[in-house]
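Chemist: Submitted below is the structure of interest, expressed as structure tokens.
The values are calculated or read from the model by the stated rules, or taken from the named source; none is laboratory data. Please read these numbers as outputs of a predicted model, since none were measured by experiment. In this analysis, Cβ positions are derived from the backbone assuming ideal geometry, glycine residues included, and neighbour counts consider all displayed protein chains. Ligands, DNA and RNA are stripped out before the accessible areas are found, and what is left, the full protein with its side chains, is counted by its heavy atoms. Shrake-Rupley method; radii C 1.70, N 1.55, O 1.52, S 1.80 Å.
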Amino acid sequence: MGREPRPAARRLGGRRPRVRPVGTVSQAGVLDLVAGADQGLGGGAVVDLLGGTPATVADRYALASPAALVPAAGPVVCVHGDADTIVPLDQSQRYVAAAEAARGNARLRVVPGADHFAVIDPAQPAWTAVRAEVESLL
């Protein structure tokens, strides 16, 4: 007889993570995959990634969307530029609000004037904010 999997293992599709992160830094992330699919973010990248729409593969969205999994096991920092025209800032704002409502540890760092790619490019000044947030979790 097998042992009943822990709730976290069930949430991860039966797999137990081998690495347990101390925290997460989201860089202008699509944190609500349902909204991202509905908005057609990335030219339909969310639907392509999950192999269908929220209506056709709802179980995949429930397992993959960070917004559906709040609160996270550790602290989450969302770094997002206020000039991002690719992933709306409200993706990070709504995630942090949902995480806080679920008594999670999440916060938002808005980088003034940064576009979508500035927070992932080490050559851009916005990278300093990302690096500082990563270091704060260590």
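Chemist: Are any of the residues in segment 70-77 open to solvent by 50 Å² or more (accessible area, probe 1.4 Å) and either farther than 22 Å from Pro21 by Cα or touching an Asp or Glu at 6+ places or on another chain (Cβ under 6 Å) (or both)?
Modeler: For segment 70-77, residues open to solvent by 50 Å² or more (accessible area, probe 1.4 Å) and either farther than 22 Å from Pro21 by Cα or touching an Asp or Glu at 6+ places or on another chain (Cβ under 6 Å) (or both): absent.
Chemist: Report, by residue number, each residue of segment 2-32 that is farther than 25 Å from Pro54 by Cα, at pLDDT below 50 and small (Gly, Ala, Ser).
Modeler: Correct list: Gly2 only.
Chemist: Assigned to a helix (DSSP H, G or I), hydroxyl-bearing (Ser, Thr, Tyr), open to solvent by 90 Å² or more (accessible area, probe 1.4 Å) and out of contact with any helix residue (DSSP H, G or I) (no Cβ under 8 Å at 6 or more places or on another chain): does that describe Thr128?
Modeler: Yes; evaluated as a whole, the condition is true for this residue.
Chemist: Conditions: (1) in contact (Cβ under 8 Å) with a residue 24 or more places away in the chain; (2) buried (at least 17 other Cβ atoms within 10 Å of the Cβ). Val96 meets all but one. Number of the miss?
Modeler: (1)
Residue-by-condition table, conditions (1) in contact (Cβ under 8 Å) with a residue 60 or more places away in the chain; (2) closer than 24 Å to Glu135 by Cα; (3) of a type outside the set (A, V, I, L, M, F, W, C):
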site	(1), (2), (3)
Pro17	no, yes, yes
Arg20	no, yes, yes
Leu49	no, no, no
Ala62	no, no, no
Ala68	no, no, no
Val77	yes, yes, no
